[in-house]
1. Give me the residue from the stretch 43-76 that is of a type in the set (D, E, K, R) and under 11 Å from the mean Cα position of the chain (by Cα) and, out of that set, surrounded by the most Cβ atoms within 10 Å (Cβ to Cβ).
2. Of all the residues that make up the stretch 162-204, how many are buried (at least 19 other Cβ atoms within 10 Å of the Cβ), among the aliphatic types (A, V, I, L, M) and over 23 Å from the mean Cα position of the chain (by Cα)?
3. Do we find a residue being modelled with pLDDT of 95 or more, surrounded by fewer than 17 Cβ atoms within 10 Å (Cβ to Cβ) and touching a strand residue (DSSP E or B) at 6+ places or on another chain (Cβ under 8 Å) anywhere in the stretch 124-147?
4. Would you check which residues across the stretch 98-119 are β-branched (Val, Ile, Thr), touching a helix residue (DSSP H, G or I) at 6+ places or on another chain (Cβ under 9 Å) and not in a helix (DSSP H, G or I) and list them?
5. Restricting the search to the stretch 46-64, which residues are modelled with pLDDT under 90 and closer than 12 Å to CYS203 by Cα?
6. Among the residues that make up the stretch 212-226, is at least one of them surrounded by 17 or more Cβ atoms within 10 Å (Cβ to Cβ), assigned by TED's automatic domain parsing to the domain that holds ARG19, under 30 Å from GLU171 (Cβ atoms) and among the small types (Gly, Ala, Ser)?
7. Are any residues in the stretch 72-123 of a type in the set (Asp, Glu) and touching a strand residue (DSSP E or B) at 6+ places or on another chain (Cβ under 8 Å), and if so, which ones?
8. Need the failing condition index for LEU53 against (1) assigned by TED's automatic domain parsing to the domain that holds LYS183; (2) part of a strand (DSSP E or B), just the number.
Amino acid sequence: MKHTKADDIDGWLVIDKPRDMGSTQVVGKTRWLLNANKNGHTGTLDPFATGVLPIAFGEATKLVPFVMNGRKEYEFVVKWGEQTATDDVEGEIIKRCAKIPNREEIMTVIPQFVGKITQIPPIYSAIKINGQEAYKLARQGKNVDIAAREVEIYDLELLDVSADTAKFRVECSKGTYVRTLGKDMAIALGTVGHLIELRRTKCGIFSLKDKILLDSLEKMEYVEERRQSLLPIETSLRDIAEIAVSAEDARKLSLGQGVSPKNYGLKASENLAAAMFEDCLIALVRIDERKISPVRVFNLFKKRNITDVDKSRS
């Protein structure tokens with residue numbers, strides 16, 4: 001299929017990432033399938049992992065940091081008794097232990113891993129050390145020293161136990177390495193372990209109910225049909241308060257100017273809000289006693305000719 005010049009399109013595509021495909025590959029593939037000028041993902045999923053990978057297109061890329069900072073949820077399976085170099089199925093086995101924990105033992109250690117905990121991320125990760133990814137240094141046989149970091153586990157649930165594996169669900173903060181969580185739990189249980197399955201079920205506001213399979217997109221014949229799978233930019237702001245602003249204030253905010261909160265009866269707030277004109281996102285704003293200040297401005301109004309709206313409506 002021959003594509004024409006790439007288009008400026010805006011919105012979200014929530015891909016159910018297939019196993020053994022890198023996140024960057026998914027970004028490139030979806031950019032081509034939708035003939036889009038610009039897109040990007042909201043946080044890397046390991047190649048062996050599957051699940052929710054939100055892809056931002058056009059103006060939605062400005063919201064990537066807000067999605068990345070949101071909570072994540074995963075389901076994962078730990079195989080006890082074997083430790084690998086990468087803490088997952090992709091690495092060679094470097095240690096074995098005969099001990100296989102039972103359900104009661106596992107339930108006993110779970111509370112140790114809920115709340116704020118300290119992790120040392122795996123050396124086979126994308127963390128940069130002196131400008132170079134840790135995994136590249138590890139593959140070169142170089143010494144990789146990664147500092148411990150604090151993350152937060154909001155919930156950790158044991159879902160199933162089999163002969164030598166256990167399945168869990170975890171809700172966690174940005175920066176949590178589930179591979180490390182599995183390894184650390186094994187150590188706490190007096191054994192070793194590694195992840196054999198990892199599936200992200202939520203990423204910020206997005207979940208599996210929003211997903212589309214890459215295969216499904218590829219089977220669509222026309223670009224226009226594929227673009228119908230895009231979710232509006234505002235989808236990622238479902239948990240953020242909205243302020244309906246006038247046409248004149250929308251124009252000012254779009255230029256990076258603050259506007260008065262008096263016309264809207266708003267009180268100061270530390271939380272971000274979405275300034276909307278009709279159905280169009282104008283800016284993410286912060287409100288104080290004197291001003292509604294734009295934090296992140298969007299160019300959608302230009303595409304919808306909102307600057308031409310009769311000011312008598314403002």
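The values are calculated or read from the model by the stated rules, or taken from the named source; none is laboratory data. Model, not experiment: these values are computed from the prediction. A quick note on method: Cβ atoms are made from the backbone with ideal geometry, for glycine too, and the neighbour counts reach across all protein chains shown.
1. Here is the first cut: in the stretch 43-76, the residues of a type in the set (D, E, K, R) are 46, 59, 62, 71-73, 75.
Filter once more, keeping what is under 11 Å from the mean Cα position of the chain (by Cα): 71-73.
Working: ARG71: 16, LYS72: 23, GLU73: 19.
For the stretch 43-76, the residue satisfying everything is LYS72.
2. Residues flagged as buried (at least 19 other Cβ atoms within 10 Å of the Cβ), among the aliphatic types (A, V, I, L, M) and over 23 Å from the mean Cα position of the chain (by Cα) within the stretch 162-204 amount to 5.
3. no
4. Selection gives ILE117 alone.
5. Once the filter is applied, which keeps residues that are modelled with pLDDT under 90 and closer than 12 Å to CYS203 by Cα, the stretch 46-64 yields nothing.
6. No; the residues of the stretch 212-226 include none that is surrounded by 17 or more Cβ atoms within 10 Å (Cβ to Cβ), assigned by TED's automatic domain parsing to the domain that holds ARG19, under 30 Å from GLU171 (Cβ atoms) and among the small types (Gly, Ala, Ser).
7. Quick first cut of the stretch 72-123, residues of a type in the set (Asp, Glu) only: 73, 75, 82, 87-88, 90, 92, 104-105.
Those that are of a type in the set (Asp, Glu) and touching a strand residue (DSSP E or B) at 6+ places or on another chain (Cβ under 8 Å): GLU73, GLU75, GLU82, ASP87, ASP88, GLU90, GLU92.
8. (1)
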